[in-house]
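Accompanying notes for the structure given below.
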């Protein structure tokens, strides 16, 4: 656990999906005090907002030491994103690649806005670490998930608010198989007997990653349509992890 007085209190960007749940476990294991923040931007997969509540409740119940460090949850309405973007995450359109080479699941400025709002919340709450699940490995090529973007945002937010922020990106250089392994390792390190499997089971059963919001179809890796980009990445990572474990 971090003992630095400067970076001991964290705010996790928490969507309720596999990646952000793993990031939340990372923060709870690493920092002395942790809060969470989520965003309602009119996403098609709004069921993730319900998943957030379920995951938080399960973490509090199953992981006693983490529960002591887990503070308030915040949910912000950022519906303006749906007004300024035409994407398959905010409109009822099929998933496809754009002429730019990016999938139409890319919501321009989404992560930049989320980080800015999270920093404003963190400033008010006395939190100095912002934890986010962006990565450059198993991802869809979103430019606002790149390490350079995160470093630039860390500098801009720290300067703009005159507050020394640290943007922690624990998944930046690992793929989805390694993300499953990280979750298992974090669960084991929690001090709970069988904590590794318990955290993996929690992610499978209660988190939500599917872009279509499908909670009908249950797979070995969790609920989802099995065909959207998010499901494909998650399923492939699960298969690689299980094959190597």
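A few comments on the model shown:
- FRET efficiency, residue 239 to residue 148 (Cβ-Cβ, R0 41 Å, nearest 0.05): 0.85
- Most tightly packed first, judged by the mean number of other beta-carbon atoms within 10 Å of their residues, the peptides 232-238, 125-131 read 125-131, 232-238.
- Cα gyration tensor category, rounded, prolate or oblate, for the stretch 110-188 with a/c compared to 1.5: oblate
- Rounded to 5, the percent of DSSP beta bridges in the stretch 9-244 classed as antiparallel: 15
- Taking a ≥ b ≥ c as the square roots of the eigenvalues of the alpha carbon gyration tensor, the stretch 156-212 is prolate, as a/c is not under 1.5 and a/b beats b/c.
- Whole-number percent relative contact order across the stretch 9-244, with pairs defined as alpha carbons under 8 Å at least 6 apart: 23
- In plain terms, the chain from residue 112 to residue 50 could stretch by 20.0 nm, reckoned as 0.36 nm per residue minus the Cα-Cα distance.
- The alpha carbon gyration tensor of the stretch 99-245 gives principal lengths a ≥ b ≥ c with a/c of 1.5 or higher and a/b no greater than b/c, which makes the shape oblate.
Taken together, the values in this text are just the output of simple stated rules run on the coordinates, not laboratory data. Quick caveat: nothing in here was measured; it's all calculated off a predicted structure. Note that each Cβ is placed from the backbone with ideal geometry, even for glycine, and that neighbours are counted across all protein chains shown.
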